[in-house]
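Peer 1: Have a look at this one.
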Amino acid sequence: LKDLFVGLDLGGTWLKYGVAGADGKLLARGKKPSHGQESREVIFGVMEEAVAEMKAATADVGQLRAIGVGSPGIVDYEQGKLVGGAPNLPHWEGADIRGELGRRTGLKVYADNDANVMALAETRLGAGRGARNAIFLTLGTGIGGGILIDGELYRGSWFAGAELGHVPIKFDGRKCNCGNVGCIEQYASAPGIIQTYRELCEAAGRTCPDEVTTEHIFGVADEDKEAAETIRLTAYYLGVALSGFTNVFNPEVIVIGGGVAEAGDAFIRKVEDETKKLAMRESASRLRVVRAQMGNEAGTVGAILLAAEGYAKEKEGRA
Ligand SMILES: [Zn+2]
């Protein structure tokens, strides 16, 4: 019988989950409403059900060894606890993911920030496969980040590191909800891109459609001057941030995921060009900026890898 691991990808709306061996190849998967607005008890109940479902689906293939969880917010990886707020899960702060889920399932539990978990999936099996040093960014409603150094996730001194969305690129820029101003999240997240477009339309004396989306902006760029300028500026803003990361970390690869990256490879090429233009030549010489490959599965597969790697390390430690 094979060692199997369940991965849980928790979001404000959905819990996505799957089960696989240490290779991360999904044997079964599922998705349920996470009831993220409700109490911790309710959310843990949904997680427990998902684990039971994955266990039943693979009973004749192998033995569940551990659970990996990717959660929004700041997660203390050593303790498996939420130490920072997750705005989409109002009662989740302080949740003892390892303790509670361990009690409910009898399994070892590993928990980490959702962007870290996605970074693990992309650098082990996705667009950054094989990299020892890599940066991962997910561009969506906000910006999540992950940093891989010497093949391991870098979490910071008390697990609050790799908040790459909160690197300021403009010292007199837009206010950010982290308390600072000018964070890259305010410019290259979906709401940030839409704000840039609105500002440009206003400056050009046009009214911008109410329900504008990033898909719309990318879709009309050929015939809409302000949309084209929005994309140019967004690629430039990202280039400013990524050139900084490049000079600090000298990564082999920067992987960009999330809804905004779905805009396509042409946009990613622009971001790469800006980054290479701005970074120190030596740092950026062999750098690749690539679009994430794991799509919606990054969170689930990353959580499985988190569990599999945590379990393997613990076993080694005991041996
Ligand atoms: Zn910020």
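Peer 1: Suppose we keep only residues that are over 14 Å from the mean Cα position of the chain (by Cα) and part of a strand (DSSP E or B) within region 131-158. Which one would you say is nearest to Arg288 (Cα to Cα)?
Peer 2: In this case the residue turns out to be Ile149.
Peer 1: I need the full set of residues from region 36-53 which are under 15 Å from Leu10 (Cβ atoms) and not in a loop (DSSP other than H, G, I, E, B), in order please.
Peer 2: Scanning region 36-53 gives Arg40, Glu41, Val42, Ile43, Phe44, Gly45, Val46, Met47, Glu48, Glu49, Ala50, Val51.
Peer 1: Name the pairs: first residue in region 179-194 and free of Cβ contacts under 8 Å to residues at least 40 places away in the same chain, second residue open to solvent by less than 10 Å² (accessible area, probe 1.4 Å) and more than 8 Å from the ligand (Cβ to nearest atom), Cβ to Cβ under 6 Å, at least 6 apart or on different chains?
Peer 2: As it stands, the answer is Gln186/Gly192, since those pairs meet every condition given.
Peer 1: Then there is this: Taking into account only those residues within region 14-33 that are in a loop (DSSP other than H, G, I, E, B) and without any contact (Cβ under 8 Å) to a residue 40 or more places away in the chain, which is surrounded by the fewest Cβ atoms within 10 Å (Cβ to Cβ)?
Peer 2: Looking at the filtered set, the residue picked out is Lys25.
Peer 1: May I pose another question? Any idea how many residues of region 132-167 are open to solvent by less than 50 Å² (accessible area, probe 1.4 Å), touching a Pro at 6+ places or on another chain (Cβ under 9 Å) and within 16 Å of the ligand (Cβ to nearest atom)?
Peer 2: Selection size over region 132-167: 2.
Peer 1: So, in region 84-110, how many residues would count as being of a type in the set (A, V, I, L, M, F, W, C), open to solvent by 20 Å² or more (accessible area, probe 1.4 Å) and farther than 17 Å from Gly68 by Cα?
Peer 2: 0
Peer 1: Oh, and also: When region 273-319 is examined, which residues are found to be outside any helix (DSSP H, G or I) and farther than 20 Å from Leu10 by Cβ?
Peer 2: Ala279, Met280, Ser285, Arg286, Leu287, Arg288, Val289, Val290, Arg291, Gln293, Ala319
Peer 1: Just the residues that are open to solvent by 10 Å² or more (accessible area, probe 1.4 Å) and either of a type in the set (D, E, K, R) or in a loop (DSSP other than H, G, I, E, B) (or both), please, taken from region 111-130.
Peer 2: Residues satisfying the conditions are Asp114, Arg124, Leu125, Ala127, Arg129, Gly130.
Peer 1: OK, next. Test of understanding: among Cys183, Cys201, which residue is open to solvent by less than 10 Å² (accessible area, probe 1.4 Å), away from the ligand (no atom under 16 Å from the Cβ) and in contact with a Cys (Cβ under 7 Å, 6 or more places away or on another chain)?
Peer 2: Cys201
Peer 1: Give me a count of the residues in region 246-264 that are within 19 Å of the chain's Cα centre (by Cα), part of a helix (DSSP H, G or I) and more than 14 Å from Gly146 (Cα to Cα).
Peer 2: Residues in region 246-264 being within 19 Å of the chain's Cα centre (by Cα), part of a helix (DSSP H, G or I) and more than 14 Å from Gly146 (Cα to Cα): 5 in total.
Peer 1: Here are the criteria: (1) more than 17 Å from the chain's Cα centre (by Cα); (2) β-branched (Val, Ile, Thr); (3) not in a loop (DSSP other than H, G, I, E, B). Tell me which single one Thr207 does not satisfy.
Peer 2: All conditions pass for Thr207, except number (3).
Peer 1: Which condition from (1) open to solvent by 40 Å² or more (accessible area, probe 1.4 Å); (2) under 26 Å from Gly142 (Cα atoms) is the one that Gln63 breaks?
Peer 2: Here Gln63 clears every test but (2).
Peer 1: I would also like to ask the following. Tell me, please, whether a residue that is touching a residue at least 60 places away in the same chain (Cβ under 8 Å) and within 16 Å of the ligand (Cβ to nearest atom) can be found in region 215-237.
Peer 2: Scanning region 215-237, I find at least one residue that is touching a residue at least 60 places away in the same chain (Cβ under 8 Å) and within 16 Å of the ligand (Cβ to nearest atom), so the answer is yes.
Peer 1: While we're here: What tally of residues in region 168-179 results from selecting those that are touching a Gly at 6+ places or on another chain (Cβ under 6 Å) and within 8 Å of the ligand (Cβ to nearest atom)?
Peer 2: 1
Peer 1: Taking region 34-77, which residues are under 21 Å from Tyr311 (Cβ atoms), of a type in the set (Val, Ile, Thr) and without any contact (Cβ under 8 Å) to a residue 60 or more places away in the chain?
Peer 2: Correct list: Val51, Thr58.
Peer 1: Here's another thing I want to ask about it. Among Val253, Val240, Val220, Val212, which is the only one that is open to solvent by less than 10 Å² (accessible area, probe 1.4 Å) and either out of contact with any Cys (no Cβ under 6 Å at 6 or more places or on another chain) or closer than 20 Å to Thr275 by Cβ (or both)?
Peer 2: None of the other options fit; the residue is Val253.
Peer 1: Within region 78-100, which residues are in contact (Cβ under 8 Å) with a residue 24 or more places away in the chain and of a type in the set (S, T, N, Q)?
Peer 2: Asn88 - this is the single residue of region 78-100 that is in contact (Cβ under 8 Å) with a residue 24 or more places away in the chain and of a type in the set (S, T, N, Q).
The values are calculated or read from the model by the stated rules, or taken from the named source; none is laboratory data. None of the values given here were measured: they were computed from a predicted structure. Heads up, the Cβs are rebuilt from the backbone with ideal geometry, glycines too, and the neighbour counts pull from every protein chain shown. The accessibility values were calculated without ligands, DNA or RNA, using every heavy atom of the protein model including side chains. Shrake-Rupley method; radii C 1.70, N 1.55, O 1.52, S 1.80 Å.
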